[in-house]
1. For segment 67-90, what are the residues that are under 13 Å from Val42 (Cα atoms) and either in a strand (DSSP E or B) or aromatic (Phe, Trp, Tyr) (or both)?
2. Can you work out which of the residues in segment 38-88 that are out of contact with any His (no Cβ under 7 Å at 6 or more places or on another chain), crowded, with 16+ Cβ neighbours inside 10 Å and basic (Lys, Arg) is modelled with the highest pLDDT?
3. Take Asp117 and decide whether it is farther than 25 Å from Asp36 by Cβ and modelled with pLDDT under 90.
Amino acid sequence: MTKRTILIAIAFTLVLVAVAALYFRLVHLTGVRKDDEKWACVSKLRSIDLAKEKWTVANNGTNGQDLAWADVLIYLPQNEVPQCPSGGKYDLRPIGYVPKCSVGGEHCCFPGYPEQD
């Protein structure tokens with residue numbers, strides 16, 4: 001083999017290694033981002049549930065009672081309806097039921113809470 005052929009082989013190998021590293025980094029970051037979005041969504045669901053509990057105590061609410069966002073806004077951070085980082089919409093649901101996210105899956109409810117219809 002000539003010196004030129006060896007240099008081309010080394011350059012080609014380095015390019016392959018760089019592309020593979022970039023690919024795996026991109027795949028890893030995408031997975032981490034989705035996990036971060038899931039936990040941000042769950043955190044917002046917990047904020048919504050806490051706001052519902054505060055409203056229930058302050059207004060003598062009862063299980064099954066429907067609420068509107070306007071009812072709980074004063075108990076939410078920044079007094080506004082939270083936005084799901086994955087683009088879903090939050091369902092407030094009646095008192096006694098945990099709120100849900102329209103994204104579904106692990107976004108639909110808090111970990112450890114049973115599914116509710």
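The values are calculated or read from the model by the stated rules, or taken from the named source; none is laboratory data. If you're wondering where the values come from, they're calculated on a predicted model, not measured in any experiment. Ideal geometry is used to build each Cβ from the backbone, glycine not excepted, and the neighbour counts take in all protein chains shown.
1. In the first step, residues of segment 67-90 are kept if they are under 13 Å from Val42 (Cα atoms); the result is 82-86, 88-90.
Of everything in segment 67-90, just one residue is under 13 Å from Val42 (Cα atoms) and either in a strand (DSSP E or B) or aromatic (Phe, Trp, Tyr) (or both), namely Tyr90.
2. So the residue we want is Lys52.
3. Working: farther than 25 Å from Asp36 by Cβ: yes; modelled with pLDDT under 90: yes.
In short, yes.
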